[in-house]
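The values are calculated or read from the model by the stated rules, or taken from the named source; none is laboratory data. Being a predicted model, the structure only gives us computed values, none of them experimental. Neighbour counts are summed over all protein chains in view; Cβ atoms, including those assigned to glycine, are modelled from backbone coordinates with ideal geometry.
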Amino acid sequence: MVSKAINSAMNQVDGIVVVGSPGRNLEIEDEKVTFIQSQISDVGKRYFIGLEKIDADYYFLLDYDDIFLSNKVNALKRVFENGKGGAAKESEYYNPSLNYISNVIRNRIDWHISEYSFDADFKKYLLKFVEKYSIPTHVSFDKILFAIMLNYGNMHVVNSKLTEIVSHGDSRMHAKRKRKFYSETYKVFEKFKSIPDLNQSCRQYVEYTYDLNRYLSEPTRENYEHLLASGKYPIPLYKRLYYKYYSIMKPE
């Protein structure tokens, strides 16, 4: 899978940085590929290791089991060069008639790290933002990155399929472990909520993500009411998914 992912990007970019485990043999010998060995298992932290090691005009993130389509990099470079955004997020189902938050909720456009790309200016902003506010990057890195892009403001959503994503069912993770994951996510976004200078779109997204993950980690009546408070989120969808996989008792 790793080799296929790398090869899908090989002819589209000038260089590839892979952050992996010590002793891993990629069986790829190419001057374009730089392999960084790391003992860190958290995916989000590994991305930051790679970003801090290299300088480039544009950055395209790629998970180990996803594939760049052949037109991806050129299509996204045109987005950046035409001034449509310093950060880009692919979304096959994005609806321009809806606001950012409605798109996130209805279409889950923040879920796949391989659909994120950005220019050098956004990279600087990203690294400074995470350092300034001491944002943990080991939990829900895709959601964290999306929030920072929203706050950056110069963001473009690409309404096309440029990456082949390997879909993982939520049932792959044990219920107890999944609840802990949701719990850690809402704690991270609780930290986000305390940041005073978030713009409106980012704050709305942060508050939604906080309420949703708090409810998913502890589906009590109180947390359910918090999530329902605005009256515009499709809660029944999340209830069906969550109860289907985790058999959590529905709050009375």
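Any chance region 91-98 includes a residue that's touching a Gly at 6+ places or on another chain (Cβ under 8 Å) and either surrounded by 12 or more Cβ atoms within 10 Å (Cβ to Cβ) or within 22 Å of residue 156 (Cα to Cα) (or both)? Walk me through it before giving the result.
So in region 91-98, the residues touching a Gly at 6+ places or on another chain (Cβ under 8 Å) come out as none.
Checked region 91-98: no residue is touching a Gly at 6+ places or on another chain (Cβ under 8 Å) and either surrounded by 12 or more Cβ atoms within 10 Å (Cβ to Cβ) or within 22 Å of residue 156 (Cα to Cα) (or both).
Are any residues in region 95-116 under 26 Å from residue 43 (Cα atoms) and not charged (D, E, K, R), and if so, which ones?
Looking only at region 95-116, we keep the residues that are under 26 Å from residue 43 (Cα atoms), and these are 100-101, 103-116.
Within region 95-116, 100, 101, 103, 104, 105, 107, 109, 111, 112, 113, 114, 116 meet the criteria.
Among helices (runs of 4 or more DSSP H) lying entirely in region 54-147, which contain 2 or more residues that are in contact with a Pro (Cβ under 9 Å, 6 or more places away or on another chain), in contact (Cβ under 8 Å) with a residue 12 or more places away in the chain and not assigned by TED's automatic domain parsing to the domain that holds residue 198? If you could, list the steps in order and put the result at the bottom.
Numbers: elements: 72-81, 100-107, 120-132.
Because the criterion is at least 2 residues that are in contact with a Pro (Cβ under 9 Å, 6 or more places away or on another chain), in contact (Cβ under 8 Å) with a residue 12 or more places away in the chain and not assigned by TED's automatic domain parsing to the domain that holds residue 198, the helices (runs of 4 or more DSSP H) in region 54-147 that meet it are 100-107.
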Take residue 189 and decide whether it is under 14 Å from the mean Cα position of the chain (by Cα), among the aromatic types (Phe, Trp, Tyr) and not assigned by TED's automatic domain parsing to the domain that holds residue 64.
yes
Quick one: residue 101 ticks every box in (1) farther than 23 Å from residue 142 by Cβ; (2) touching a Phe, Trp or Tyr at 6+ places or on another chain (Cβ under 6 Å) bar one, so which box is it?
(1)
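When the residues of region 162-178 are filtered to those that are of a type outside the set (A, V, I, L, M) and modelled with pLDDT of 90 or more, which remaining residue is surrounded by the most Cβ atoms within 10 Å (Cβ to Cβ)?
Narrowing region 162-178 to residues of a type outside the set (A, V, I, L, M): 163-164, 167-172, 174, 176-178.
In the following step, the residues that additionally are modelled with pLDDT of 90 or more were identified as 163-164.
Details: 163: 22, 164: 15.
The extreme case among them is 163.
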Which residues, counting only those in region 197-231, are crowded, with 21+ Cβ neighbours inside 10 Å and of a type in the set (S, T, N, Q)?
209, 213
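State whether one or more residues within region 44-67 are β-branched (Val, Ile, Thr) and surrounded by 19 or more Cβ atoms within 10 Å (Cβ to Cβ).
yes
What is the residue count in region 179-196 for residues that are outside any helix (DSSP H, G or I) and either touching a residue at least 12 places away in the same chain (Cβ under 8 Å) or surrounded by 15 or more Cβ atoms within 10 Å (Cβ to Cβ) (or both)? Let's see the steps before the verdict.
Step one: filter region 179-196 for residues outside any helix (DSSP H, G or I), giving 194-196.
When the remaining residues are screened for being either touching a residue at least 12 places away in the same chain (Cβ under 8 Å) or surrounded by 15 or more Cβ atoms within 10 Å (Cβ to Cβ) (or both), the result is 195.
Final tally of qualifying residues: 1.
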